[in-house]
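K.L.:
This is the structure I have questions about; it appears just below.
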Amino acid sequence: MSSKIFVTRIIPAPGLMLLREHFSHLDLWTADLPPSRAELIARAHGAEGLLCLLTEKVDGELMDAIGSQLKVISSMSVGVDHIDVSAATARRIPVGNTPGVLTDATADQTFALLLAAARRLAEGERYLRAGKWVTWSPSLLLGADLADATLGLVGFGRIGQAVAKRAQGFDLRVLYHSPSAKSAYNAQPVDLNTLLRESDFVSIHVPLNAQTSRLVNADFLSQMKPNAVLVNTARGGVLDQTALYHALKSNRIFAAALDVTDPEPLPMDSPLLELENCLIVPHLGSASKKTRDLMSLLAAQNLVAGLKGERLPHCFNPQVYQ
Ligand code: NAP
Ligand code: GLV
């Protein structure tokens, strides 16, 4: 196809190869850092297809700047909070995303963070590297047990359920709070207050939108148990970081582990970085080789389908087809 497409970063080979097979006018942003807004507007202008990452803000203004020939927006992510989907729908532009292929990797990451925060692994490693380890001690860096504890999942979609599946192997009782009831992995639906009151581990798996923005605020944290561990692999915007700082600093809750922050990257002067009981990693939920290959392939398949005028394999706004 001779359609111009703009891809905002070098994506893994499977997706890139598929794009090269289909498009002679593939414009690829090759820098390590994402394009600035001005660079994005300039380079994407005239494109019929845009393949972006979660680092690009794609709003109506950008869509209009690209031009009315824009036929499809495909993001190499499952979350689409960086895209104004309503603006795309109003312009009848399908928005593609990459659900499913990253579910296991993100659930694995959630469990890795949960265990690491519960057993103070990052703190322990800092302690060792600082040369503070002088002997085995009965009371050194004591953490929390998983067996027979309660895990509360806020959001019980693909990733929430994959976390519940893993929790079974650790003998955790699982509660969830999510709009639609689902029966999976012996997880029990409860209201949010009950979940916060009863859970030793609370893990967030909701999309970021107007309803979930700052859902984890001072009130939410005040309802958690003092021994509780909070894990967030959803989006930084779901959480009020100032409220979390105060809850951790005052030992109102035991620990937190964050895969995502707001903003990203987290500024190095963030007070959260002063806390021993806050583990933070740089948005690595889907960061396995196989998963990123599959995400890039699915993002490319969505783009190709959109430019052929076919239904996207994974379309976030299927209303555009009505
Ligand atoms: P999903 O299958 O759509 O699951 C989201 C779940 O959240 C749904 O069950 C939904 O309920 C529920 N929900 C929506 N609003 C809620 C609310 N206010 N309170 C409680 N539950 C609510 O999505 P997913 O594939 O599991 O992904 C979830 C999110 O994880 C993504 O949107 C993305 O932001 C994030 N993510 C992060 C990484 C990472 O690298 N850290 C990787 C992948 C995904 P219904 O089913 O009733 O609609
Ligand atoms: C990652 O955060 C994603 O939404 O795919």
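K.L.:
Top mean-square fluctuation among 220, 156, 170, Gaussian network model of the chain, C-alpha springs under 10 Å?
P.N.:
Taking springs between Cα atoms under 10 Å, the residue moving most is 170.
K.L.:
Moving on. Counting DSSP beta bridges in the chain, what percent are antiparallel, to the nearest 5?
P.N.:
DSSP beta bridges in the chain are roughly 5 percent antiparallel.
K.L.:
Within the range 227-253, list the residues whose amide N lies under 17 Å from a label point set 7 Å along Cα→Cβ of residue 190.
P.N.:
The answer is 227-231.
K.L.:
Mean residue ellipticity at 222 nm from the helices of the chain, using -39,500 (n - 2.57) per DSSP H segment of n ≥ 4 over the full residue count, to the nearest 500 deg cm²/dmol? Walk me through the numbers before you get to the answer.
P.N.:
On the way: 11 runs with 108 residues, N = 322.
The per-residue figure over the chain is -10000 deg cm²/dmol.
K.L.:
State the Cα centre-to-centre distance between the range 1-61 and the range 233-292 in whole Å.
P.N.:
Here the answer is 29 Å between Cα centres.
K.L.:
Please report how many Lys pairs in the chain have alpha carbons closer than 22 angstrom, counting only residues at least 8 apart along the chain or sitting on separate chains.
P.N.:
Step by step, the pairs that qualify in the chain add up to 8.
K.L.:
When a/c is below 1.5 the answer is rounded, else prolate if a/b is larger than b/c, else oblate, so apply that to the chain with a ≥ b ≥ c taken from the square roots of the Cα gyration tensor eigenvalues.
P.N.:
Verdict is prolate for the chain.
K.L.:
Of 110, 242, 135, which is the most mobile in a GNM of the chain whose springs link Cα atoms less than 10 angstrom apart?
P.N.:
The residue with the greatest mean-square fluctuation here is 135.
K.L.:
Listed highest first by mean packing, meaning other Cβ atoms within 10 Å per residue, what order do 228-234, 29-35, 6-12, 126-132 come in?
P.N.:
Numbers: 228-234: 27.1, 29-35: 12.7, 6-12: 21.0, 126-132: 10.0.
Answer by packing, highest mean first, reads 228-234, 6-12, 29-35, 126-132.
K.L.:
Please check: in the Gaussian network model of the chain (C-alpha springs, under 10 Å), which one of 293, 171, 240 has the largest mean-square fluctuation.
P.N.:
Of 293, 171, 240, the most mobile in the Gaussian network model is 171.
Values in this text are rule-based calculations from the coordinates and carry no lab data. Worth saying up front: this structure is predicted, and the values here are computed from it rather than measured. Neighbour counts run over all protein chains shown; Cβ positions are idealised from the backbone, glycine included.
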